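Let me begin by presenting the structure, written as structure tokens, before commenting on it.
The values are calculated or read from the model by the stated rules, or taken from the named source; none is laboratory data. This one's a predicted model, so the numbers in the text were calculated from it and none came from an experiment. A quick note on method: Cβ atoms are made from the backbone with ideal geometry, for glycine too, and the neighbour counts reach across all protein chains shown. Protein only, heavy atoms only, side chains kept; ligands, DNA and RNA dropped before computing areas. Shrake-Rupley method; radii C 1.70, N 1.55, O 1.52, S 1.80 Å.
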Amino acid sequence: AYQDIEANILSNSNNNFFSITLPTGMGKTLSAYNAAILLQNQISETAYRIIYCLPFTSIIDQNESILTDIFRKNGWDESLIAKNHYLARLKDKYGDDELTYQEAEYLTEGWEQEFIVTTFVQFLESIFTNKNKRLRKFHNMTNAIILLDEVQNIPPKYYPLIETTFTKMAEYFNTKFIFITATQPIIFNDSTKIIELT
């Protein structure tokens, strides 16, 4: 599955919608991170940010830990990762620079770092809001790869709104989306828009 996803993401990098549908325990998280990083490298003419969204804060720490291990093993700068949810602790360093509280809060709350691990609530409320504090990260969804893990947790009543909005984000912002789950919901009426990677 990992190798199939890798091959399929590279051969379809011009698309904006992808899905990874695998049973629990088959390595969806590692496969998704690998796919996003490969996609990021393939389309590197613009700076692509990776935003990994999960439904629950309880699994964000585990997910961010996996991403940190990937960075550590590859010798990459771990300060490029930001965890953004209401309980998350702010990072006090960015590269070699020590950060003040205000700087750390600006980077994390504004999604200025290259890799963001966040909740569906943070992500969706940053699109569907009229609050300045939430909207200040919206521009960072331009040229971004957004991974929605356990996407079936989004209530079906929002699917038409999400389909319209994500389609426009792909069209105007060149945002790419990867839907990850063991039980893929039918979010888009036109399912041919979504490339299944497994």
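For the chain, the relative contact order comes to 35 percent (Cα pairs under 8 Å, sequence separation of at least 6).
Extension gain, Phe71 to Leu135, is 20.2 nm, computed as 0.36 nm per intervening residue step minus the present C-alpha separation.
With r as the distance between the Cβ atoms of Thr24 and Ile195 and R0 = 25 Å, compute the FRET efficiency 1/(1 + (r/R0)^6) and round to 0.05.
The pair Ile195/Thr24 has a calculated efficiency of 0.65.
Classify segment 110-151 as rounded, prolate or oblate from the Cα gyration tensor: take a ≥ b ≥ c as the square roots of its eigenvalues, call it rounded if a/c is under 1.5, otherwise prolate when a/b beats b/c and oblate if not. Since a/c reaches 1.5 but b/c is at least a/b, the shape of segment 110-151 is classed as oblate.
For Lys168, the solvent-accessible surface computed with a 1.4 Å probe is close to 90 Å², ligands and nucleic acids excluded. How many nm separate the modelled label positions at Gln3 and Leu38, each set 7 Å beyond the Cα in the direction of the Cβ? Placing both labels 7 Å along Cα→Cβ, they lie 1.1 nm apart.
Rounded to the nearest 20 debye, what is the charge dipole size of the chain about its Cα centre when +1 sits on each Lys and Arg Cβ and -1 on each Asp and Glu Cβ? Before the final figure, lay out the partial values.
Details: 17 positive and 24 negative charges, 112 e Å.
Result for the chain is approximately 540 debye, rounded to the nearest 20.
Over the chain, what percent of the accessible surface lies on carbon and sulfur atoms, probe 1.4 Å? Before the final figure, lay out the partial values.
Values: 5080 of 9870 Å².
Carbon and sulfur: 51 percent of the exposed surface of the chain.
Note: relative contact order over segment 139-198, using C-alpha pairs below 8 Å and six or more positions apart, is 49 percent. Using a probe of 1.4 angstrom and keeping all protein chains present, the accessible surface of the chain works out to 50 square angstrom per residue. Distance from the C-alpha centroid of segment 1-62 to that of segment 145-188: 14 Å, rounded to the whole angstrom. Using heavy atoms of the protein chains and a probe of 1.4 Å, the accessible area assigned to Asp69 is about 60 Å². For Asn153 and Glu98, a Förster radius of 35 Å and the Cβ-Cβ distance give a FRET efficiency of 0.40, rounded to the nearest 0.05.
In what sequence, largest accessible area first, do Arg49, Arg72 appear using a 1.4 Å probe?
Working: Arg49 35, Arg72 135 Å².
Ranked from most to least accessible, the order is Arg72, Arg49.
Quick one: angle between helix 159-173 and the longest Cα principal axis of the chain, in degrees between 0 and 90, rounded to 10, please. Roughly 70 degrees, rounded to the nearest 10. With a cut-off of 18 Å on the backbone N, the residues of segment 160-198 near the modelled label site 7 Å out from Asn143 along Cα-Cβ are 169-177.
Against the longest alpha carbon principal axis of the chain, how many degrees, from 0 to 90 and to the nearest 10, is the axis of helix 2-11 turned? Compared with the principal axis, the helix lies near 80 degrees. In degrees from 0 to 90, rounded to the nearest 10, what is the angle of the helix 60-74 Cα long axis to the longest principal axis of the chain? Orientation of helix 60-74: about 80 degrees from the principal axis. For the chain, the mean residue ellipticity at 222 nm estimated from helices alone is -11000 deg cm²/dmol, where every DSSP H run of n ≥ 4 contributes -39500 (n - 2.57) and the total is divided by all residues, rounded to the nearest 500.
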